[in-house]
Amino acid sequence: DQQVKQNSPSLSVQEGRISILNCDYTNSMFDYFLWYKKYPAEGPTFLISISSIKDKNEDGRFTVFLNKSAKHLSLHIVPSQPGDSAVYFCAASVTRGAQKLVFGQGTRLTINP
Amino acid sequence: EAGVAQSPRYKIIEKRQSVAFWCNPISGHATLYWYQQILGQGPKLLIQFQNNGVVDDSQLPKDRFSAERLKGVDSTLKIQPAKLEDSAVYLCASSQAPRGLRNQPQHFGDGTRLSIL
């Protein structure tokens, strides 16, 4: 049962343009969502998060949008830079209780010069 | 601030052997997690500790996997005996305790890549 899904295994974007990574979830109890970035041979690095009481959170070039009715969130990177090339994981949890994170399968983003 | 430390970085063993991984979380982080990441998939939680107590181990294969967090700081994860399907990266993460209704992000170590021959 895949509660968090990232349906695009890979995405290629030109440097300077916008990168949009998508994530869908099925569990309506999820109320806290995160994006992690992972380089090869390193652990995932926390990027940005959003609580279900918001529909947008922005941090520099990174913005996460949450559409609760559609159970969908997206990560926008503007402008995209070569250093953004990595695997991006979407994760979700329930705030109350154990805060267990459920991850998607990841999307490999490649920024082309 | 030092990050989450894990060792070893790589381990190769034969099936049916045993192996242990070590994790030192970020100082002051009460919650510690062990994840298994199989190639091409996202990390999957194996066990979660709050201080030295287990909060969630529902996805830990308890017939072969065990974990402990003595004194509420360092943790070890053991596999005995290993199977071919245990080949994966084992990630340790830690986080501060939740503050009211605000969740805290988990911070990951670089993982141990385990290969079973």
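The values are calculated or read from the model by the stated rules, or taken from the named source; none is laboratory data. All values derive from a computational prediction rather than experimental measurement. Virtual Cβ from ideal backbone geometry, glycine too; neighbours counted across all protein chains shown.
Below, the figures for the structure above:
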{"item": "Failed item in (1) more than 11 Å from every other protein chain (Cβ to nearest Cβ); (2) surrounded by fewer than 18 Cβ atoms within 10 Å (Cβ to Cβ), with A:Leu75 passing the rest", "result": "(2)"}
{"item": "Matching residues, region A:56-89, being under 14 Å from the mean Cα position of the chain (by Cα) and more than 18 Å from A:Ile111 (Cβ to Cβ)", "result": "A:Lys56, A:Asn57, A:Glu58, A:Asp59, A:Val64, A:Phe65, A:Leu66, A:Asn67, A:Lys71, A:His72, A:Leu73"}
{"item": "Among the candidates B:Ala82, B:Ala2, residue that is in a loop (DSSP other than H, G, I, E, B), more than 12 Å from chain A (Cβ to nearest Cβ) and crowded, with 20+ Cβ neighbours inside 10 Å", "result": "B:Ala82"}
{"item": "Condition met for B:Gln50 (within 13 Å of chain A (Cβ to nearest Cβ) and closer than 15 Å to B:Trp34 by Cα)", "result": "yes"}
{"item": "In region B:27-52, the residues that are assigned to a loop (DSSP other than H, G, I, E, B) and under 27 Å from A:Gln3 (Cβ atoms)", "result": "B:His29, B:Ala30, B:Ile38, B:Leu39, B:Gly40, B:Gln41, B:Gly42, B:Pro43"}
{"item": "In region A:91-110, residue farthest from the other protein chains (Cβ to nearest Cβ) [restricted to those that are of a type in the set (Ser, Thr, Tyr) and surrounded by 16 or more Cβ atoms within 10 Å (Cβ to Cβ)]", "result": "A:Thr107"}
{"item": "Count of residues meeting criterion [closer than 12 Å to B:Gln36 by Cβ and surrounded by fewer than 20 Cβ atoms within 10 Å (Cβ to Cβ)] in region B:68-79", "result": "0"}
{"item": "Of residues in region B:17-33 being touching a Leu at 6+ places or on another chain (Cβ under 9 Å) and more than 12 Å from chain A (Cβ to nearest Cβ), the one surrounded by the most Cβ atoms within 10 Å (Cβ to Cβ)", "result": "B:Pro25"}
{"item": "When residues of region B:85-117 are limited to those that are small (Gly, Ala, Ser) and either under 16 Å from B:Gln17 (Cα atoms) or more than 8 Å from chain A (Cβ to nearest Cβ) (or both), the one nearest to the chain's Cα centre (by Cα)", "result": "B:Ser94"}
{"item": "Enumerated strands (runs of 3 or more DSSP E) restricted to region A:1-102, each holding at least 1 residues that are modelled with pLDDT of 95 or more and among the hydrophobic types (A, V, I, L, M, F, W, C)", "result": "A:10-14, A:19-25, A:32-38, A:45-51, A:62-67, A:72-77, A:86-93"}
{"item": "A:Tyr88 vs. criteria within 29 Å of B:Gln6 (Cβ to Cβ), in contact (Cβ under 8 Å) with a residue 40 or more places away in the chain, exposed (fewer than 14 other Cβ atoms within 10 Å of the Cβ) and within 14 Å of chain B (Cβ to nearest Cβ)", "result": "no"}
{"item": "Within region B:1-36, tally of residues that are within 10 Å of B:Cys92 (Cα to Cα) and free of Cβ contacts under 8 Å to residues at least 40 places away in the same chain", "result": "0"}
